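Heads up: the structure comes next, in structure tokens.
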Amino acid sequence: MGEAPNDPRSTDQIAHERAMAEVSDVLLNLEHTISRAKKSLKKLGDSPEEHNARLALRDALTSLEATRARLQKDTYFGGNELRLV
């Protein structure tokens, strides 16, 4: 992908915007995964296998929602502070 000759952005700014677009794609994939997991929960029946799948999906949803919340918060609402984990 080439840069436009009249693009006023610096190379660093362009790289930053591309990196943030990747993070945005990850958030979008998390949203889609969470949505699919919720739909799956509604369709599961009462067999032992489906019961186990329901338990696993609930655990996965908890983790996915926490991951989405943290990524969104740290990416868009974290300010310029460096977070030490």
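Values in this text are rule-based calculations from the coordinates and carry no lab data. Only a predicted model underlies this, so the values are computations on that prediction, with no experimental measurement involved. Methodologically, a virtual Cβ is constructed for each residue, glycine included, from the backbone with ideal geometry; neighbour enumeration extends over all protein chains shown.
May I ask for the angle, rounded to the nearest 10°, between helix 48-76 and the longest principal axis of the chain, with both axes built from Cα atoms and the value confined to 0 to 90°?
20 degrees
For T67 and R18, what is the calculated FRET efficiency with R₀ set at 22 Å and r taken between the beta-carbons, to the nearest 0.05?
Between T67 and R18 the formula returns 0.50.
For the chain, give the magnitude of the charge dipole about the Cα centre (Cβ charges: +1 Lys/Arg, -1 Asp/Glu; no others), in debye to the nearest 20.
460 debye
Compute a Gaussian network model of the chain, connecting alpha carbons closer than 10 Å, and tell me which residue from L28, L64, L44 fluctuates the most.
Per the Cα network of the chain with a 10 Å cutoff, L44 tops the list.
Measure nothing but the geometry: give the 0 to 90° angle between the long axis through the Cα atoms of 11-43 and the longest principal axis through the Cα atoms of the chain, rounded to 10°.
On a 0 to 90 degree scale, this one is about 10.
Mind listing which trypsin sites (Lys or Arg not before Pro) in segment 1-67 are in a DSSP loop and have 11 or fewer other Cβ atoms within 10 Å?
Counting only loop positions with at most 11 other Cβ atoms within 10 Å, none of the trypsin sites (Lys or Arg not before Pro) in segment 1-67 qualifies.
So if a site counts as exposed when it's one of the GluC sites (Glu not before Pro), its DSSP state isn't H, G, I, E or B, and it has at most 12 other Cβ atoms within 10 Å, what's the longest stretch of the chain without one?
That would be 4-80.
Which one, N29, P5, L61, is farthest towards the positive end of the dipole of the chain when Lys and Arg carry +1 and Asp and Glu -1 on their Cβ?
L61
Stick to Cα atoms and the Kirkwood definition of Rh, then tell me Rg/Rh for the chain.
Result for the chain is an Rg/Rh of 1.20.
At 7 Å along the Cα-to-beta-carbon direction for both S35 and T11, put a label point, then send me their distance in nm to one decimal.
3.9 nm
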